[in-house]
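Here is the structure we will look at.
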Amino acid sequence: MRKVFHLIFLVILLSSCSSSKYYWGSFDKSTFKYNKKMTPETKVLLMDNYQRIIGHCSGPSSSKEIPPGIYADYGYMLIQIGKVSEGKAFLEKEIVLYPESEKAVNYILEKIK
Amino acid sequence: MKTKYILIVLLFVVVFHSCAPTNQMALKRSSYEDYYEEKPACVMIMPPMNKSTKVEAKQFFYVTLVQPLVEKGFYVVPPYMGIEMLKNESAYDAEDLYGRSLLAASTTWGVDAVLFTTIYDWKKVGTGAVMVDISYELRSTTSNKVLYKRRGDVTVYMTSNSGSILVNLAAIALKTAFTREISVAKSCNVIGLADLPYGAHSKLYLNDKDTPIGEDKFSIVVSQ
C-alpha cells in the first residue's frame, strides 16, 4: 500500500516536473560545461544561457517565471566583466523577487567593493 | 510523450518491485518534524562527495540538483555564485564541512539549510544501464539537525521506443554520453528528493504533511 502511495506521489511529481512554472534553457549543459572546465569560453556559454532565460521570461507572451538565482548569477558575472551598474541592477532584482537571497547577494556586493 | 512513457514504465517497475504489505505508513509530518519546525527557505548545495570511480559524477550531480530543489519551492543559492562564495571562505570541500557546525553559512549568507550528497557508486550494468548508489542529507545551518535524509540505488535504463531492436540500440548509442549521464543524475535527484517536503515557493508548502513517504533506503529501476 505504501509503495502504491509512493508511486502515485512519484507520478504526480514527475508530471509536475514536465509543467514547470520556470524556464531553464540549457541550464544543465551550460552549468556542467563551466563547472567542468572554468574557462572564459565556458563562462560565455553560461552567460549566454542566462541571457536567454531572462529574455524568454521577460517576453510579452511569456508565461514562465525567472528561476531563483538566475538574476543573481548573471548580475555577478556582469560585474566581473566590468558592467558594474548593469550587474548590480540584476542583483537588486534578485533581492526584490526572492527576499531570502538578500544576505547572500549582499555578501557578494561587499566582496566586489 | 516522453514523460508519459517514463510514467508508464515506472508504474510497472514500482508496482511489481515489492508487494509486501506494511502495517504503518510513515507520513511527512512525523518523519520530517524538524523540517516543518524550521521551515528552511534558502538552501545551498554542496559539491557532492564522490566515492565512486566515475570522476565526472560529482559535476553531473551538482548541476542537476538545482532544478529539482527549485521546482520543490526552495530558493537555491545559484551555482556560479555559490561556488565563488564557498571558495572565498575555503569551504568548497563538502568532506571538510560534513558533520561540523554550519552556523557560519547562516550568519554570513542567510542560508537555512545545506544539502550534502554522497555518490557511493556509479557503474554500468548490462547494456545501456547505469546503477548509482547515492544519499541525500539536508542539514539545518542553525540547529545542525538533519531535516531530510535518504539513501538508495537507482538503476537507469536508457531506451528507445521504436519497434526495432537494432534501431533502438543505435539510438541509444547515438545519444551522447553526456546526455545519457546527465539524464541518469537527473533521474536519481528527482527520485532521491521526491519525499522532501515542499518549500515556500510551492503551492503545496506546509500542505503536504499528510503525504506518505517511502523507506529511508530505496531501490528503484527507471527507464527513459
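The values are calculated or read from the model by the stated rules, or taken from the named source; none is laboratory data. Not measured: the values here are computed from a predicted model. Virtual Cβ from ideal backbone geometry, glycine too; neighbours counted across all protein chains shown. All accessible areas refer to the heavy atoms of the entire protein, side chains included, with ligands and DNA or RNA removed. Shrake-Rupley method; radii C 1.70, N 1.55, O 1.52, S 1.80 Å.
Some notes on this structure:
- Candidate cross-link partners of residue B:28 among the lysines, defined by an alpha-carbon separation under 20 Å and a same-chain spacing of 8 or more, comprise A:3, B:39, B:72, B:145, B:149, B:203, B:209, B:217.
- Phi to ³J(HN,Hα) by Karplus 6.51 cos²θ - 1.76 cosθ + 1.60 over region A:65-76, Hz, x for Gly, Pro: 9, 6, x, x, x, 5, 4, 5, 4, 5, x, 4
- Only lysines eight or more places from residue B:124 in sequence, or on another chain, were considered; those with a Cα closer than 20 Å are B:51, B:54, B:58, B:175, B:186.
- The accessible area of residue B:29, taken with all protein chains in place and a 1.4 Å probe, comes to roughly 110 Å².
- Local net charge near residue A:23, Cβ-Cβ under 13 Å (Lys/Arg +1, Asp/Glu -1): +1
- Interface B:A - total buried accessible surface [probe 1.4 Å, Å², rounded to 100]: 4900
- Once backbone amide H atoms are built at 1.01 Å from N, residue B:218 has B:151, B:152, B:153 as its partners under 5 Å, excluding neighbours fewer than 5 places away on the same chain.
- Solvent-accessible area per residue, Å², over region A:24-111 with all protein chains present [probe radius 1.4 Å]: 48
- Pairwise label distance in nanometres, residue A:86 with residue B:88, each label 7 Å out on the Cα-Cβ vector: 2.2
- For region A:89-94, 3J(HN,Hα) computed residue by residue from phi via the Karplus equation (6.51, -1.76, 1.60; θ = phi - 60°) reads 4, 5, 5, 5, 4, 4 Hz, glycine and proline entered as x.
- Annotated for region A:24-111: lysine pairs at least 8 residues apart or interchain, Cα distance under 17 Å, count 11.
- Whole-Hz couplings from phi, Karplus 6.51/-1.76/1.60, listed for region B:94-102; x for Gly and Pro: 4, 4, 6, 8, 4, x, 9, 5, 10
- Residues of region A:49-82 that bury at least 10 Å² of accessible area once all protein chains are present, compared with their chain alone (1.4 Å probe, heavy atoms only, ligands and nucleic acids left out), are A:68, A:69, A:72, A:73, A:76, A:77, A:80.
- Accessible-area composition of region A:24-111, carbon plus sulfur, in percent [1.4 Å probe]: 54
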